[in-house]
Amino acid sequence: MTRDALTDQPWFADIIRPSRYLGNEPNVRRKPRLEVDLHVGLAFPDVYEVGMSHQGLKILYRILNDAGGIAAERVFCPWVDLEAALREHGRPLETLESGTPLAELDVLGFSLQHELCYTNVLTMLDLAGIPFAASHRNKSHPLVIAGGPACFNPEPVAGIFDAFLIGDGEEATLEICERVRRAIRTGTAREDLLADLTSIQGVYIPSFFEPVYGRDGVLEKITPLRPGYEVVRKALVPDLGPFPSPADPVVPFSEPVHDRLAVEICRGCTRGCRFCQAGMIYRPARERAPDEILEIVRRGLAGTGYEDVSLLSLSTGDYSAIGPLLTALMDRQSRDRISVSLPSLRIDSLDEAWFEQIKRVRKTGFTLAPEAGSDRLRRVINKSLTNSGILQAARKVYGAGWKLIKLYFMVGLPGETEEDLQAVVRLSREVARLAGGRGKRPRLHVSVAAFVPKAHTPFMWEPQITLEESRRRMHLIRDGLRDRRIRVKWNAPEMSRLEGVFSRGDRRLLPALVRAWESGARFDAWGEQYRMEIWEEAFRAEGIDVDDHLTRRRSEEETLPWDHIQTGVKKSYLLRERRRAEREAFTPDCRIQCLECGVCDHERVDPVIQEPDRTLPPADTSEPEPEQGRTFLLTFSKTGGSRYLGHLELARAFNRALRRVGLFPAHTGGFHPTPKVSFTSPLPVGTESLQETVRVELRDPPSPVEIRQRLNRALPEGLRILLVEDVTSLKKRNRLLETRYSITSREEGFDQAAARRFLGAGEHVIVKTTPKGKERAVDARALVRDIQCPSPDTVELALLHPPGPSLKPGDIVREIFGLTDAQAISLKILKTKQILG
């Protein structure tokens, strides 16, 4: 079944954000079938917008597709509406690039970023017709594997996967694919393939280990079933240099959560926050060379057309050469209105000089994470911040012109008291006072989440507070911050409760997971989808004591479900850090002093730290000339899969295509400059058009002919520039007067007599529902200049565009001819012409 078959379904236009499922975005990679001997699905068990923001997916997509003979294609969990439609119409879940059903792949690799995505894994497997249990699959099924941070305790979902990759994937993923490819060529049995994979560092085969439980239900031991394969050491890339961030990642149509060019400047963290799993499992810190970063950014912006760059790290401000890097980036990019954001700043690493660099284009916002309200509790969690330092940082941020600060806190940290909760309130109020009282909008956002103990951290033995206590503490903070300058948000504690069960759970949780999924659990990380009652019933039915999983303090002597998974950080080090937390003792940054945590062997593996005063190649720092350009009117067609792009998605696609081919729009002035690109009228999603227009002001443009040629090389399938006209001399913008449509039906249901009755009426009121749910009466007759039925299955419609509310052509035709829902959905609408005045 091909991808066109899905987009041609009459119901597809009514799917929420159909552009999620097109697979024809810029920079997508497709390989001819004859050149492929290993077909890999990169599965992200969440919606497209979340998955397309994930850096790991982009890295593996490039690495695998750069390898000869391997085709890596993306697949995301369909939203609930498409899931229902696929089931109703008996269609399997397919990859985006080629429309290949997942069951026909050789390898299906899931990215497990958190525990609340597990039901989505089951949805994707079920829609593919792949059995949930690894023990029920054979070599006719794809090898189902998983990677990502949630895999550092893989036990709750161990029964689903044939294999896990623990740790960095750049080298190990290719090696896994080579072994699978060899097994396919030689006809190797699945069990023998799994045995072969055990020699790859980081590969965990769950079926080669067996947990043993005592009479009291406590895990006694994890028994290895194969000699020489007793533990699994994480895969680790000692240097990021050979693995640059992709310079030409796929550019999404549907706006992802992080809609910008993301460049990983460092992996790992040296701070040692005791609650932070990422800080432990991604050790050691490996910084990318700043000149490499500059080149990745240069190539990435040229290859994507993005206007924003995000420097990724667990703690971006700790990057050793951040000062010279920021200056060099802004020197090179500010003239093209490229902004730079630092998404993970530590308050104690803020430098006022950075503010001046970042705001050279636009202020991208500041997010700070004190985590706790008191200095004492921060010592417990090893966060070297003080309230005075936080207030000083906030004063700098507001003073530099930022209007909004976001603060992140946790409740339920080990050792937290009522005084610590009140300290959150006091600190937040003091920060808000620094913002001043002008304006009606909040100047401070406070986000609160319940602490969830994680595997491989010093707090993995600690209890998690109850649901009721989480609610009480969050409400205390909310009630203490009732202030128009402050907005308080919190992660639902019910979801933290579920996360806590799975984060330290074992294999006995899998039946409850399947039962909850069968009862309708989907997208548990999405507040509007999470249904706590389903989970509570599933746990009861399977005899799972949720309180035991959450509130029981683990003994330091008991076997933990993840003890056979080794991150490199020794358990003795974690215990030592637990003792220091109890004493409120601070552990220094390992940049300053090696703490012998166990990760580094000081031969192959050591921290990779850049020189802080690194000299970078100079750039042109002259101020750009005032923007003076020429204005063009572009006429284009929008057909095929591109008809499913919404108006904002179309605008992003055009803006980025312009930049990719070196056509730079002029910008508005003000606080947030925007490109001078405006479309004549929005087109309903699902409607094709032979004539659309967009007005663009370009800096230093080439000829109209070259503009047309360049853009047609960069625009996605279905968007085609037909004509480029220089309209700089026109004093007024053209106004849309009339639009003409040709509308066809699969059935013969159009009657010219009905059209004549409509044209002869004085008015014909249609009640439309606005996006906000309000009803509005619109006179359809006043909008229709003419309507004709050249055949029983075709309508020619001419619509006028007077000021006031409008109607979609499909709604007008449906009303005139009394079409049923099924008939209306099946209409094919083609815009044939627009008349401007």
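The values are calculated or read from the model by the stated rules, or taken from the named source; none is laboratory data. From a predicted model like this one, the values you see are computed outputs, not experimental measurements. Every residue, glycine among them, receives a Cβ derived from its backbone with ideal geometry; neighbour counts consider all protein chains shown. All accessible areas refer to the heavy atoms of the entire protein, side chains included, with ligands and DNA or RNA removed. Shrake-Rupley method; radii C 1.70, N 1.55, O 1.52, S 1.80 Å.
Beyond 18 Å in Cα-Cα separation lie the following of the pairs Lys768/Lys808; Lys489/Lys774; Lys638/Lys732; Lys772/Lys831; Lys234/Lys383; Lys732/Lys808: Lys489/Lys774; Lys638/Lys732; Lys772/Lys831; Lys234/Lys383; Lys732/Lys808. For the pair Lys731 and Lys833 in one chain, pulling the backbone fully straight at 0.36 nm per residue adds 34.3 nm over the alpha carbon distance. Placing +1 on the Cβ of every Lys and Arg and -1 on the Cβ of every Asp and Glu, with no other charges, gives the chain a dipole of roughly 2840 debye about its Cα centre.
Among (i) 0.98; (ii) 1.01; (iii) 1.09, which one is Rg/Rh (Cα atoms, Kirkwood Rh) computed from these coordinates? It is the value labelled (i). Per residue, the average separation of C-alpha pairs within less than 8 Å and at least 6 apart gives the chain a relative contact order of 11 percent.
Estimate the FRET efficiency between Arg376 and Arg226 by the formula 1/(1 + (r/R0)^6), using the beta-carbon distance for r and 56 Å for R0, to the nearest 0.05. With R0 = 56 Å, the Cβ-Cβ based efficiency is 0.70.
Apolar share of the accessible surface for the chain: 49 percent from carbon plus sulfur atoms, 1.4 Å probe. If R0 equals 35 Å, the separation of the Cβ atoms of Glu528 and Arg433 corresponds to a calculated FRET efficiency of about 0.50. Label zone of Glu178 (point 7 Å out along Cα→Cβ, amide N under 19 Å): in the range 58-88 this covers 60-72. Positive end of the charge dipole of the chain (Lys, Arg +1 and Asp, Glu -1 on Cβ, about the Cα centre): tell me which of Leu86, Gln788, Leu174 has its Cα farthest that way. Of the candidates, Gln788 comes out farthest on the positive side.
Assuming R0 = 41 Å, can you tell me the calculated FRET efficiency for the pair Leu86 and Lys571, based on Cβ-Cβ distance, to the nearest 0.05?
0.35
Simple rule: put +1 on each Lys or Arg Cβ and -1 on each Asp or Glu Cβ in the chain, find the dipole, and look at Leu219, Gly187, Thr615; the Cα lying farthest toward the positive end is Thr615. Label separation (Asp547 vs Arg776): 5.4 nm, computed from points 7 Å beyond Cα along the C-beta direction.
Before anything else, pin down the relative contact order of the range 216-353: Cα pairs under 8 Å, at least 6 apart, normalised by residue count, whole percent.
Working: 172 pairs, mean separation 33.5, N = 138.
Rounded, it is 24 percent for the range 216-353.
For Cα pairs less than 8 Å apart in space and 6+ apart in sequence, what is the mean separation divided by the residue count of the range 537-665, i.e. the relative contact order in percent?
On the way: 23 pairs, mean separation 19.2, N = 129.
With pairs under 8 Å counted, the relative contact order is 15 percent.
Relative to the longest principal axis of the Cα atoms of the chain, the long axis of helix 172-186 lies at roughly 80 degrees. In the context of the full set of protein chains, residues of the range 489-634 present 53 Å² of accessible surface per residue (probe radius 1.4 Å, heavy atoms only).
Taking 0.36 nm per residue of separation and subtracting the Cα-Cα distance, what length does fully extending Arg713 through Asp821 add? Don't jump to the answer; show the numbers that get you there.
Values: separation 108, 0.36 × 108 = 38.88 nm, distance 3.94 nm.
34.9 nm is the gain from fully extending Arg713 to Asp821.
A crude spin-label estimate for the pair Glu104 and His136, with each label 7 Å from Cα along the Cβ direction, gives 2.4 nm.
When DSSP assigns beta bridges and you keep just the ones with both residues in the chain, what percent turn out antiparallel, to the nearest 5? Write down the numbers at each step before the final one.
Details: 57 of 105 bridges.
Taking every DSSP beta bridge with both residues in the chain, the antiparallel ones total about 55 percent.
Placing pseudo-labels 7 Å out from each Cα toward the beta carbon at Thr769 and Ser791 gives an inter-label distance of 3.5 nm. One decimal place: the segment Asp589-Ser207 gains 133.6 nm when fully extended, by the rule 0.36 nm per residue minus the C-alpha distance. Net charge dipole, the range 498-611: roughly 200 debye, given to the nearest 20, about the Cα centre with Cβ charges of +1 for Lys and Arg and -1 for Asp and Glu.
Just the accessible area per residue of the range 205-310, please: how many Å² with a 1.4 Å probe?
Numbers: 3790 Å² over 106 residues.
Heavy-atom SASA per residue in the range 205-310 reads 36 Å².
Under the convention that each Lys and Arg Cβ holds +1 and each Asp and Glu Cβ holds -1, the size of the dipole of the range 651-759 around its Cα centre is about 420 debye.
Over the range 706-837, accessible surface divided per residue gives 58 Å², non-protein components excluded, 1.4 Å probe. Restricting attention to the chain, give the cysteines that have no other cysteine Cβ less than 4.7 angstrom from their Cβ. By the Cβ distance rule, which asks for a partner under 4.7 Å, the isolated cysteines are Cys77, Cys117, Cys151, Cys177, Cys266, Cys269, Cys590, Cys594, Cys597, Cys600, Cys789. Ordering Gly412, Gly401, Ala423 by Cα displacement along the dipole of the range 373-437 toward the positive end leaves Gly401 in first place; charges were set at the Cβ atoms of Lys, Arg (+1) and Asp, Glu (-1).
What does the C-alpha gyration tensor say about the overall shape of the range 1-141? Classify as rounded when a/c is under 1.5, otherwise prolate if a/b is larger than b/c, or oblate. Rounded, since a/c falls under 1.5.
Would you mind giving the average projected area, over all directions, of the Cα convex hull of the range 522-620 in nm² with one decimal?
Working: hull surface 56.1 nm².
Mean projected area for the range 522-620: 14.0 nm², to one decimal.
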